[in-house]
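First comes the structure, then the notes that go with it.
The values are calculated or read from the model by the stated rules, or taken from the named source; none is laboratory data. What you see is a predicted model; the values in this text were computed from it and never measured. Heads up, the Cβs are rebuilt from the backbone with ideal geometry, glycines too, and the neighbour counts pull from every protein chain shown. SASA here: full protein model, heavy atoms, side chains in, ligands and nucleic acids out. Shrake-Rupley method; radii C 1.70, N 1.55, O 1.52, S 1.80 Å.
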Amino acid sequence: MTDRDFSGRFPTTRLRRTRQAQWIRQLVAESHINPQDLVQAVILREDDAPSGPITAMDGILRSSVDEAVEMAKRAAAVGVPALALFPYTSVEDRDATGSGALSSDNLMARAARAIKKAVPEIGLIGDVALDPYTDHGHDGLLRDGVILNDETVALLCQQAVVLAEAGFDVVAPSDMMDGRIGAIRMALDKAGYQDRLILSYAVKYASRFYGPYRDAIGSRGVLQGDKRTYQMDPRNSAEGLREAAMDVQEGADMLMVKPGLPYLDLVRRVKDAFAVPVAAFQVSGEYAMLRCAAEAGAFDFEAAALEALHCFRRAGADMIISYYAIDAAGWIARDL
Ligand code: PBG
């Protein structure tokens, strides 16, 4: 017999063996990122609105409808399957009830029609919430300082149908009202859109990391108070599973966790708990953190940004919404 220790200890076991060269690292990699796992986030603007700059989001510009069509073409060319659109509406077009959300000719609808005409194979995800359209910046109706739940849900149902009519394949309620997934499913079905998907922002936190986005869609200056009466408390985790469970029961096709990187524990918990595709949203503040750190000399932006995408995959995200999805397709090809 040998005096060798075969109990899995060093020196018989050397974990560095599978790290010694790129070929073996590739073979043993437990997760991969591909362009087809990514969704490009696009902030839309009217032709006469400024394209940028957006606070702390160097490298990101708001897109006119024509520019959004070009982005859709680029996405299709590099294998990014879908775009998620968000509108920057002009301040004059906002009112207390967010009525612009229900207009069948609003910026979102016009962009969807133009993109679907030019690039019919690209998937389009439309945000369902009132905040780009309200003069108080909230996702729902505001009365006496309270965000009304059921009254808001009725409007969101109409907004979802408007988006479906315009050509959005997926509606993505980001508002966090209770009961909206079931109500939107019924409204879509009733309008004949039983094949349109619902990507629920199921586990969405009241997060500071949305700061640059509020600037991007022009709601920062107008937002009254905060969103803590409807978005989740960052201290909670089990509550996120309850949100996810209810949305699955109400008919969500896919679940989202948002923000992304600081909330990867929720991505993993939701992925393990439900047999439903899980999306993670790498939000504006996460982009800003990477970009600002890179500009301060902390690291190479592209390499760090690609690493972040790997982390989402490792945590179990099936798809990732990101402001640099199209660019990342190139970094993946170069194997940064
Ligand atoms: C609002 C909405 C937000 C984002 C997407 N939809 C912000 C918020 O809830 O205040 C954030 C996106 C980002 O930060 O990139 N319905």
- Diffing segment 215-226: the Karplus 3J(HN,Hα) column from phi (6.51, -1.76, 1.60, θ = phi - 60°), in whole Hz with x for Gly and Pro, holds 5, 4, 9, x, 9, 5, x, 9, 4, 8, x, 9
- Taking θ as phi - 60°, what are the ³J(HN,Hα) couplings along segment 10-21 by the Karplus curve (6.51, -1.76, 1.60), each to the nearest whole Hz, with x for Gly and Pro? 4, x, 4, 8, 10, 5, 6, 4, 7, 10, 6, 8
- Task: Quick one: grab Rg to one decimal and Dmax as a whole number for segment 124-220, Cα atoms only, in Å.
- Result: 13.3, 38
- Message: With the crude spin-label approximation of a point 7 Å out along Cα→Cβ, what separation in nm comes out for HIS310 versus ARG9?
- Response: 3.2 nm
- Over all directions, segment 208-288 yields a Cα convex hull whose mean projected area in nm² is 5.9 nm²
- Between exposed chymotrypsin sites (Phe, Trp or Tyr not before Pro) in the chain, where DSSP calls loop and at most 16 other Cβ atoms lie within 10 Å, what's the longest gap? 7-298
- Note on the structure: With Cα springs under 10 Å, the Gaussian network model of the chain assigns the largest mean-square fluctuation among ALA304, ALA315, ALA29 to ALA29
- Query: Based on Cα positions only, what radius of gyration and what Dmax would you give for segment 13-100, in angstroms?
  - Reply: 20.5, 67
- Message: Report D for segment 73-181 in µm² per second (integer): Stokes-Einstein, Kirkwood Rh on Cα pairs, 37 °C, 0.692 mPa s.
- Response: 230 µm²/s
- Query: What are the residues whose amide H is under 5 Å from the amide H of TYR205, where those residues sit 5 or more places off or on another chain and H is modelled from the backbone?
  - Reply: MET232, LYS258
- Note on the structure: Taking the alpha-carbon centre of each part, the distance from segment 142-171 to segment 6-59 in Å is 34 Å
- Message: Run the helix sum for the chain: -39,500 (n - 2.57) per DSSP H stretch of 4+ residues, divided by residue count, reported at 222 nm to the nearest 500 deg cm²/dmol.
- Response: -11500 deg cm²/dmol
- Just reorder ARG291, ARG4 by solvent-accessible area, largest first, 1.4 Å probe, all chains present. ARG4, ARG291
- Lysine pairs with alpha-carbon atoms under 19 Å apart, the chain, spacing 8 or more or separate chains: 7
- What's the extension gain from GLU121 to ASP272 if we count 0.36 nm per residue and subtract their Cα-Cα distance? 51.3 nm
- Out of residues 5 or more away from LEU141 or on other chains, whose amide H comes under 5 Å of its own, with H placed 1.01 Å from N in the peptide plane? LEU148, THR152
- Please get the size of the charge dipole for segment 157-296, origin at its Cα centre, with Cβ charges of +1 on Lys and Arg and -1 on Asp and Glu, quoted in debye to the nearest 20. 320 debye
- Using only Cα atoms, what is the ratio of the radius of gyration of segment 182-336 to 2.2 N^0.38 Å? 1.12
- Task: Choose one of ILE181, THR229, TYR193: the residue whose Cα lies farthest towards the positive end of the charge dipole of segment 160-275 (beta-carbon charges +1 Lys, Arg; -1 Asp, Glu; about the Cα centre).
- Result: THR229
- Query: ARG25 versus ARG220, label points 7 Å from Cα toward the beta carbon: distance in nm?
  - Reply: 3.7 nm
- Placing +1 at every Lys and Arg Cβ and -1 at every Asp and Glu Cβ, with all other atoms neutral, what dipole size does the chain have around its Cα centre, in debye to the nearest 20? 1380 debye
- Item | Rg(Cα) / (2.2 N^0.38 Å) computed for segment 33-335, rounded to two decimals | 0.92
- Query: Farthest toward the dipole's positive end in the chain, which of VAL42, LEU155, PHE6, given Cβ charges of +1 (Lys, Arg) and -1 (Asp, Glu) about the Cα centre?
  - Reply: PHE6
